[in-house]
Structures are given as structure tokens and as C-alpha cells.
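Below: one structure, written as C-alpha cells.
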Amino acid sequence: MSASPFLLPPAPETLEVTRERVRLRPFQERDLEAMAAYRGDTEVCRFLPFEPQTPDDIRRRIGHLFGSTSLEGERGGVVLVIESDGAVIGDLVLFHLDAEAGSAEIGWVISPAASGRGLATEAVRALIDTAFDVYGLRRLTAKIDADNVRSAALAERLGLRREAHFVENGWFKGRWSDLLVYAVLDREWRAAAPTAP
């Protein structure tokens, strides 16, 4: 068996991604209160691997990633806040790097106040573009509770392929939950991208 040909490029020193209605940037200490406003909501956390969070809970869970732009290391990852009209409306994560496979996982948490306007779709699309264009990854996955129909619909709207449906995969928040795994390859993403006129 030969070694993987994948080489992770150096992490960018700074990272900011701007689209028509959203801006993504590494999260900072100053974002904690805004994040806690939606991450503290029981319904938002229903399908997430944590209970409603305070600013201190967020700091304990992902504070080591304040300002990070690197995927490398045992606890490496990038957390980006989503801003729209100057307000933090959600956050995105790029983590669980498998450097041998050139693969990482993506995830998202969106404020209910921002739902229904296509902002989450625009933000996650920008995250996927960044994962492939800036980080040079070749494969992304998203793991979604099967009852989280809005997140599954978002993954499918973006063209991610459902690769697995694990039935009663684990005990999660008082129930046996099913897990969906979505994925997309860099070449698939580029082939599906709209071409400029």
C-alpha cells in the first residue's frame, strides 16, 4: 500500500469570506454573547451534540479555536461566524481533518431569526468553496441526525450526496437516533458550480 498523494497546503494567516449577503470570519471572544443567543435555545440544540450553551460553555467547548485558521493538530479546526447586515446569525465549523484522505467534516448552527431567507444556504456554500479552494481538501462530509429535516434539506439543496443512513446508530438525547452522512468531492462540487456568463 502506498502513501496518500494528498498534501494539505499551509493554513491561511487570515480568513474572511464575503458573499452577497453573508460574511464569514474566524470567531472571536467578542462573538460569545451573540452566539449564546441562539446556541442557548433548546430547539436550536435539539439535534446538536451539546445542551443549550452560555458564553462560558461555548468558551469551554470551542474557545481553543478562537481566531484559528488551521485544521491541523489533535483539536484543530476552524470555526467561522456568519454575519449578515453586521449581526452574527450563526456559525460554521470545518474540523475532523483526515490528512491522509484529504477529507474534513463540516457543520453549521443557524439562528432561528435568520431562517427562511436562504442565508444558511449561502453561508454553507461559501464554507464548502473555502474548504476546497483555500484548504485544498478533496472531500467533505456532514453528519446529520435523521430527524433534523431542515439540515438534511440544506445538504441536499447544496448537492451533497447522501452516502449513508445509519439506523438507531446511537443513544442521543434520550432516544435511539438515526445518523445521515452526506458527502461531496471537490471535483463534483466544481462540476456542479454555475459557470460565469
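The values are calculated or read from the model by the stated rules, or taken from the named source; none is laboratory data. None of these values were measured; they are calculated from a predicted model. Quick reminder, even Gly has a Cβ in these numbers, built from the backbone with ideal geometry, and neighbours come from all protein chains shown. Ligands, DNA and RNA are stripped out before the accessible areas are found, and what is left, the full protein with its side chains, is counted by its heavy atoms. Shrake-Rupley method; radii C 1.70, N 1.55, O 1.52, S 1.80 Å.
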Average silhouette area of the range 49-104, convex hull of alpha-carbon atoms, in square nanometres: 4.8
Can you give the alpha-carbon Rg of the range 1-53 over 2.2 N^0.38 Å, where N counts its residues? 1.75
List, in order, the whole-Hz ³J(HN,Hα) value for each residue of the range 7-20 obtained from phi through the Karplus relation with A = 6.51, B = -1.76, C = 1.60 and θ = phi - 60°; use x for Gly and Pro. 10, 6, x, x, 5, x, 5, 10, 8, 8, 10, 10, 10, 4
Please state the relative contact order of the chain as a whole percent: Cα pairs under 8 Å, 6+ residues apart? 18
Taking only Cα atoms and a 10 Å spring cutoff, compute GNM fluctuations for the chain and point out the largest among 14, 69, 121. 14
Quick query: amide H of residue 82 versus all other amide H atoms, modeled in the peptide plane; which residues come in under 5 Å with a sequence gap of 5 or more or a different chain? 89, 90, 91, 92
Whole-Hz ³J(HN,Hα) from phi, Karplus 6.51 cos²θ - 1.76 cosθ + 1.60, for the range 114-125, glycine and proline x: 9, 6, x, 10, x, 5, 5, 4, 5, 5, 5, 4
Okay, helix-only estimate at 222 nm for the chain: each DSSP H run of n ≥ 4 adds -39500 (n - 2.57), divide by all residues, round to 500 deg cm²/dmol; what do you get? -7000 deg cm²/dmol
For the range 75-81, 3J(HN,Hα) per residue [Karplus equation, 6.51 cos²θ - 1.76 cosθ + 1.60, θ = phi - 60°, Hz, x = Gly/Pro]: 10, x, x, 10, 10, 10, 7
Positive-end extreme of charge dipole, the range 1-70 - chosen from 26, 65, 15 (charges on Cβ): 15
What is the sum of charges around residue 110, taking Lys and Arg as +1, Asp and Glu as -1, for the other residues whose C-beta is under 10 Å from the C-beta of residue 110? 0
At q = 0.11, 0.12, 0.13 Å⁻¹, work out log10 I(q)/I(0) for the chain with the Debye formula, treating every Cα as an identical point scatterer and leaving solvent out; two decimals please. -0.50, -0.60, -0.71
All-pairs alpha carbon distance profile, the range 139-197, 10 Å steps from 0, percent: 23, 44, 23, 8, 2, 0
Given Cα pairs under 8 Å that are at least 6 residues apart, what percent is the relative contact order of the range 100-182? 29
Roughly how many percent of the accessible protein surface of the range 1-155 is carbon and sulfur, given a 1.4 Å probe and a whole-percent answer? 50
